[in-house]
Every structure is written in structure tokens, then in C-alpha cells.
Amino acid sequence: MAELATHGAHPQGFAHQFEDIEQQRDAGRLGMWVFLVTEILFFGGMFTSYTIYRALHLESFIQGSHQLEVKFGATNTAVLIFSSLTMALAIRAAQTGKKKGQIIFWLVLTMLLGALFVGLKLRFEWYRDYVDGIIPGVHWFYNGPHAPGVKMFMCFYFFMTGLHAIHMIVGLGILAVLVSMTARNKFSSEYYSPLEISGLYWHFVDIVWIFLFPLLYLIGGRY
Amino acid sequence: MSTAIAEIHETPAESSVNYLNVTYGIKSWLLTLDHKRIGLLYLGSITLMFFVGGMAAVLMRLHLVEPQGALFEPETYNKMFSTHGIIMVFFFLVPSIPATLGNFLIPLMIGARDVAFPRLNLMSWYLYITGAAFALFATLSGGVDTGWTFYPPYSSTYSQTHVVIVALGVFIAGFSSILTGVNFIVTIHKMRAPGMTWFRLPLFIWAMYATSLIFVLGTPVIAITLFLLGMERILHVGIFDPAVGGDPLLFQHLFWFYSHPAVYIMILPGMGVISELITAFSRKKIFGYAFVAFSSLSIAVISFIVWGHHMFVTGQSIYAGLVFSVLSFLVAIPSAVKVFNWTATLYKGSISYEAPMLYALGFIGLFTIGGLTGLFLAALATDVHLNGTYFIVAHFHYVMVGGAVMAYMGGLHFWWPKITGRLYPDLWARIAAAIIFIGFNLTFFPQFVLGYLGMPRRYAIYPAEFQVLNVMSSAGASILGIGYIIPLIYFMWSMRYGPPAGPNPWGAKGLEWTTQSPPLTENFETIPIVTEDAYNYPSEAAHG
């Protein structure tokens, strides 16, 4: 508690281990970037495996890709890109010292779009995949051509989109915390680091999807 | 007059408050955000894991006293070496120096109040003990028999043991490493005191920075690989299963993409510690500071492009093998740069032989043997003969135990007075260091010979002609075991009964020695301003 007293002049949200708010902001930003590097390698192991198997079993992967509905993937791509815009607008609102109602508006809109993405994925993709029996290891009745390779493709599809969806859900949790922090006046135009670095995370999760969509839905000349 | 008296009364009062006695109670430890206390939490938990893993090793060596095996069924023996490997690699060696000494020292050495993200730091420890709990639970409820490498298809399809639980434990502990790495990188970049430029940093910090890079770049890959393995085992959907077009070799590639750099996670921090010890006990500036600093970074970089040397005989293309062989030889260059620079630092230094220095000198000799025998294994032709034999076991134990554990012990002895504010009995510490050195060599040198003669690793029985060498190795292991128990006893003794150490018992350079022992919660009363290079020992001392 003593350190709080000595640094009493600093703005809200200032942590005692730093010299000033500038250093804290830089540290937070760098920390998130380094964390995103680990995320790239985390997904990278999966993208590498995907690339190798796609090269080995191209026909099967195309066949597998044809099991997916492009229209839902495309809709979700648009939803996510739009959510990145609203996230950026939330940060901008904080940066320019707008009223907290405006920040909350953009944050909640981002959350709704994120929830829409997850909802569409669950209801119109994974649920239908379950009904159609193309979930490997859970509900698998596929007996078309290239069955083993299609199974492999569907494994990648579920692992990659599943991990991505987990990241989306974590992101929704972070956004909920940000809404509550904003409501409690934690941010100002001087201090909005949590918003900014959460935004980096949200954009990263979107970018992963930007790679997943063509790799999973658009292979084999079907547009 | 009255102010002078007040000052006199204040000085001892201030130094009696430190990070250890500032608050009391179990909660003040389990919820602490102080990097020094978190370092001690790690110290306690990894010491427990070290003795669990060590127990498995001692039991294995006892078993191998007789050619037909003295104690266990072969299945049990398989579980013993798997448990030993998994616990020692993932739960002791990887976190050993970074999470204990690194956590404790990085902010002190760079002149900061704490790491950049104290809460994340505490979370790392909780992730570590959660992972360790899974591993211990699996061990107690029957163990795992895949070896620490988890190769499929055995691990994914055929093993009847707790593969998933252990893999989950390693997966969770991996996130502890990742978060520690992120924290250290940001701390070293952003939290340095005024005047603490990159080239004034102690070399321990450079080593920790290189280690953190590997944490951050390597660990996520093993995490995703173990995730895929777990999925394959639970859902029977083979990413690595040839029956559906998968390739078990892909697992090995992904596994070693992390696990080879992980070798340098284990040795680089040790090298950092040795740079500190050698300079402190020869009272000299390090020879070739920039070379030692950059050799740490180049080891980290090269570590990511040599993983294929673990796969020379597992069906990898011979041309890939050639490339990996050449690249593996490259690692020898920065490693040798370090050894030569340490030796050159000793030259004409005023050397004293306190316990930490004994470990440091032991490290240089043993690491050199471990490193040079690594070159035998990096050469394709000799590797075909030596692969899968005790030669490999001896080689990596010279690096991991003779190197990393020696450095860890040396570091603990060096900074123990700073950590606890107490001195330990120096004579006992020197005796223990000698016992460890003798026990270690007696354990592992015969294994070089055994391996060269063709005794394969991971077998519960062996031909009778190898018995003499095996008995020597087992005798050495029991000496080594005693050598590790002695420090445990006198360290615990010193916490209560050791004489006060004072701020700088070794007369060493470095910011951590400028503050009181044990330090304040915020490390320094005022943030120091750095005006000199690291290891700026008076030059006349260099000439004796």
C-alpha cells in the first residue's frame, strides 16, 4: 500500500513497478506483441502440418473442402472484418476522450459481431456437420471418395476453426471486462492501454481467420 | 543533532525490513506479486520435482546393478525412465534457472522494482504447479511408458498408460514457460534503470534474454504438437497415423523443433550464471564481453535450425541429414567462444575457490566434454553407430547435469546470501561440490564406454559383460545422490542459523550486490543510476 501513496500523483491504473505511465504503456504494448508472436507459432504448428498434408493429399483436401459451405465462411469473414472496425473505433473513441457511452457502444457492437460469428459457426456449420456425420471421432459416416484423406482434412478443419473459436470466446470475455472497466471510468485519453492491447489481440484473431477461410473453404477452384 | 540521532536509529530499522519479513502468513506467499517471492515459490516446487525425478534415476541405477535387472519388471523400468525424463526435462531443467534465479535476479540486476507484469508472473507459477500436479498424479496412478519424447504411433495408439494426462501436464507447464518468456523479454527491454544500456547488462541477462526468445518461439510448437497427439489418442483421428495418410515423422519434426531449442533453454541460463561466477571469483572483467553476449543470441538462433540431427536414423532424407549435420556443427562455434572467453577471463585473475567457483570450474570441464561428444553425434557416420546407445545418455547428461545442474547449484550458492541474507557453511559446500563432481563423473563416464561398446539405452536388461561398468555407474549415482542431499540440509540450516551475510559477501560487482540482503520488496530504496560497465573490477586486481 505504501507504494500507492508514494505514486499517488500518477493517473488511475498506474502500476507501482513502473517509473511513469509512458513506460507502462510501452511495456504493455510490447508484451502483447510478444504474446502474439507465440500465438503465431502456436497456430503455425498447425498451418505447417496442414501445408504438408495438403501437398501430400491434394485431391482429398479438395474433396474435404467441398464439404464446407462457402456462404457461411464468407459471411463470417465479413462479420469479423466489420468487428475489427468497431474495435478500432472503440479505441479511437477512448483516445480522443469521447464520453464513455460511446466507447461502450463500440465495444458492445464488437461483442455482438463476435457472438454472431460464433453463433453462425455453431448453428449453421458445426451443427450441420454433426447431422451430416462429418465430424471425425465424434460422428463420422462419410463414405464418399477419398474417405481417409477427407477425414484428415476435417480433422484440420475442426482443430483449426475450433482453436480459433476458443480464441474468439476468450476475446469476448476480455471485451466484457473492458465494458465493465469503461463503465467504472477506468479509462481516459491518457490511459487506455487495456483497450489498445486488447484490440491488438482481437485483430490478431481476425487475421488468423483471414488465413483460415481461403485455406479451408476456397481450395480446388470452387468459388 | 536530533536529526543525526534519528538517522542513526533509522538505518538499522530500515535494513531489518525486507521482502521476506514484510508480511507473514501462507496467503502473503500464495498471492504475492513480488518477483523474489515468486522465485522462491518456484525454488520450492522445482526442488520437489528434482528429488522426485532423482528418485526415479536412483531406482533405475539400482535396478541396473544386475544384468537381468535387480528390482523391476521391464514395464515398470520403462515407466521409471519415462518419469525421470519427463519430470527432469519439463518440470526441473526447463524452469530451473530461469524461473528461480531469473525471476529473483533480473529486476535486481537491471535496477527495476519488479518484472513488467507481476500478476502474469504469479500466474506462470500457478500454471507450472498445475502442470506438475497432472504429471505427479499420472506418475502415482501408474505412470507413463513412452519415454519423454512421446513418439507416435506407440504413444498415440499402443501405450496403455496415462499418456494424455502427462501430455496435458506438459502442455499446461508450457504456458508457464511462454508467459515467463514474455515477461522477461518485456522486462529486459523496458525496465532497465537509467544508464543501464544493453552493453552494460550483466551477461546473465543476455543469457536470460536468449532463453526467453526460445521460450517464446519454441514452446507454442510443442504445445500444439502435444494437443494434436492428445486428440489423436482420445478421438482416434490420426494426424500422425499412417492408416489415414498421416506421418509419424511429422510428430518428430514438430517435437524436435521445440525440444532441440529446449536443450538451449536448459544450458543458456547456466552459461549466464557461469559468466557471473567466473568474473566474481577471478576479480576480472569478462574477456570479450560482446562475444559472450552475442554467442548467447547466436546459440538461440542456431538452435532452431538443427532439430533434424535427432532424426538421422528415423527415416529422414539423407540430404536433409547432411544439411542438419553441417548446421549442428555450427553450434560448436558460439559454445566454444564462451568456453575460451571464460578461460581467458581466468588467465591472470586473482582466483579464489569458494563453493560457487568450484561449481563454475566443474561446469567448464564437464560442459566441454559434453559439447565435444555432441560433435561425435552431429557427424552422420558416427551417429549411426552411437545413436540409441548409452553414449547419447552420457553425452546429454554431461551437458544437462554436468552443465545445467552444476551451473544451477553454483548460482544457488552464489546468490543464496542475497536470497536469504544468510551464509551457509563454506566447508560443507566445498565438500558437497567435490562429492557431486566425483559422483557425476563416476556415474556418466562409464556410460560413454558402454555406449561405444554398443549397450542400447532404455533397456531393462543387458549382457553380463557390461556389468562392471554398470555397477560403477550405479555406485556413482548413489554418491551423486548424497552430494545433492548435503546442500539441501545446509541450505535449510542456514535459513535459520546461518550468520548474516551483509549486502555483498563476495565483494562482487553488479546492482544486486548494492542493495541490502535480503532486499526490500521494491529492491532499491531509490532506483540506481548506472555509470559503469559490467564487471568493472579494479584493474590492479587483474595483475595479482
Just to check your reading of the model, which residue among A:Lys151, A:Lys186 is charged (D, E, K, R) and more than 19 Å from A:Tyr50 (Cβ to Cβ)? A:Lys186
Taking the stated definitions as given, is B:Phe175 surrounded by fewer than 24 Cβ atoms within 10 Å (Cβ to Cβ), within 10 Å of chain A (Cβ to nearest Cβ), modelled with pLDDT of 95 or more and under 27 Å from B:Thr139 (Cβ atoms)? yes
A careful count of residues in the stretch A:112-138 that are farther than 27 Å from A:Leu175 by Cβ and aliphatic (A, V, I, L, M) gives 4
Please work out which residue is nearest to the other protein chains (Cβ to nearest Cβ), limiting yourself to the stretch B:238-255 and to residues that are modelled with pLDDT under 90 and part of a helix (DSSP H, G or I). B:Val244
Residue among B:Pro202, B:Pro194 that is over 17 Å from B:Pro95 (Cβ atoms) and surrounded by fewer than 24 Cβ atoms within 10 Å (Cβ to Cβ): B:Pro194
Quick one: count up the residues across the stretch A:107-137 that are touching a helix residue (DSSP H, G or I) at 6+ places or on another chain (Cβ under 7 Å) and within 15 Å of B:Leu235 (Cβ to Cβ). 4
Can you find even one residue in the stretch B:516-533 that is at pLDDT 95 or above, at positive phi and not in a strand (DSSP E or B)? no
Single residue of the stretch B:178-201 satisfying the filter (among the polar types (S, T, N, Q) and more than 10 Å from chain A (Cβ to nearest Cβ)) that is nearest to B:Trp148 (Cα to Cα): B:Thr180
Does B:Gly315 fit the bill of being over 28 Å from B:Pro505 (Cα atoms), outside any helix (DSSP H, G or I) and not hydroxyl-bearing (Ser, Thr, Tyr)? yes
What residue, among those in the stretch A:21-34 that are touching a helix residue (DSSP H, G or I) at 6+ places or on another chain (Cβ under 8 Å) and touching a residue at least 12 places away in the same chain (Cβ under 8 Å), is nearest to the other protein chains (Cβ to nearest Cβ)? A:Gly31
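Give B:Gly230, B:Gly238 a once-over and let me know the one that is under 30 Å from B:Ser124 (Cα atoms) and either of a type outside the set (A, V, I, L, M, F, W, C) or crowded, with 24+ Cβ neighbours inside 10 Å (or both). Before the answer, list the steps.
Working: B:Gly238 fails: under 30 Å from B:Ser124 (Cα atoms).
None of the others qualify; the one that does is B:Gly230.
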When you check A:Phe156 against the structure, is it within 30 Å of A:Ile62 (Cβ to Cβ) and surrounded by 13 or more Cβ atoms within 10 Å (Cβ to Cβ), yes or no? yes
Can you find a residue in the stretch B:256-267 that is farther than 18 Å from B:Leu297 by Cα and part of a helix (DSSP H, G or I)? yes
Which residue out of B:Trp506, B:Trp493 is outside any helix (DSSP H, G or I), among the aromatic types (Phe, Trp, Tyr) and touching a residue at least 60 places away in the same chain (Cβ under 8 Å)? B:Trp506
One residue is enough: does the stretch B:462-483 have a residue meeting the conditions modelled with pLDDT of 95 or more, within 21 Å of B:Leu71 (Cβ to Cβ) and outside any helix (DSSP H, G or I)? yes
Any residue in the stretch A:128-155 that is within 9 Å of another protein chain (Cβ to nearest Cβ) and closer than 18 Å to A:Leu216 by Cβ sitting within a Cβ distance under 9 Å of a residue that is assigned to a loop (DSSP other than H, G, I, E, B) and among the hydroxyl-bearing types (Ser, Thr, Tyr)? List the pairs, counting only those 6 or more apart or interchain. A:Pro136/A:Tyr142; A:Lys151/A:Tyr142; A:Met154/A:Tyr142
Condition check: at pLDDT 95 or above, crowded, with 18+ Cβ neighbours inside 10 Å, in a helix (DSSP H, G or I) and of a type in the set (Phe, Trp, Tyr). Does A:Phe204 satisfy that? yes
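One line per residue, one yes/no per condition, for (1) of a type in the set (Gly, Ala, Ser); (2) surrounded by fewer than 21 Cβ atoms within 10 Å (Cβ to Cβ); (3) under 29 Å from B:Ala460 (Cβ atoms); (4) over 24 Å from the mean Cα position of the chain (by Cα):
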position	(1), (2), (3), (4)
B:Val337	no, yes, no, no
B:Tyr347	no, yes, no, yes
B:Ser352	yes, yes, no, yes
B:Ala360	yes, no, no, no
B:Leu366	no, no, yes, no
B:Leu375	no, yes, no, no
Looking only at the stretch B:100-128, which residues are surrounded by 21 or more Cβ atoms within 10 Å (Cβ to Cβ) and more than 14 Å from every other protein chain (Cβ to nearest Cβ)? B:Thr100, B:Leu101, B:Gly102, B:Phe104, B:Leu105, B:Met109, B:Trp125, B:Tyr128
Report, by residue number, each residue of the stretch B:202-237 that is at the interface with another protein chain (Cβ under 8 Å from one of its Cβ atoms) and over 25 Å from B:Gly85 (Cβ atoms). B:Leu235, B:His236, B:Val237
Qualifying positions in the stretch A:66-105 - small (Gly, Ala, Ser) and under 29 Å from A:Arg123 (Cα atoms): A:Gly73, A:Ala74, A:Ala78, A:Ser83, A:Ser84, A:Ala88, A:Ala90
Filter the stretch B:516-540 for residues that are among the aliphatic types (A, V, I, L, M) and loosely packed, with under 13 Cβ neighbours inside 10 Å and give the result. B:Ile529
Testing B:Met495 on (1) under 30 Å from B:Gly111 (Cβ atoms); (2) over 29 Å from the mean Cα position of the chain (by Cα), one condition comes back false. Which one is that? (2)
Which pairs turn up if I take residues in the stretch A:205-223 that are farther than 26 Å from A:Ala88 by Cβ and look for partners that are modelled with pLDDT under 95 and of a type in the set (D, E, K, R) with beta carbon separation below 8 Å, at least 6 apart in sequence or on another chain? A:Ile219/A:Arg54
Of (1) without any contact (Cβ under 8 Å) to a residue 40 or more places away in the chain; (2) surrounded by 22 or more Cβ atoms within 10 Å (Cβ to Cβ), B:Phe134 satisfies all except one. Which? (2)
Suppose we filter the stretch A:51-83 for residues that are facing chain B (nearest Cβ under 10 Å) and crowded, with 17+ Cβ neighbours inside 10 Å; how many remain? 3
Does A:Leu195 satisfy the condition of being among the aliphatic types (A, V, I, L, M) and within 19 Å of A:Gly31 (Cα to Cα)? yes
Given the criteria part of a helix (DSSP H, G or I), aliphatic (A, V, I, L, M) and over 20 Å from the mean Cα position of the chain (by Cα), does B:Met406 qualify? no
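The values are calculated or read from the model by the stated rules, or taken from the named source; none is laboratory data. This structure is a prediction, so every number in the text was calculated from the model and none was measured. Positions of Cβ are backbone-derived with ideal geometry, glycine not excepted, and every protein chain shown enters the neighbour counts.
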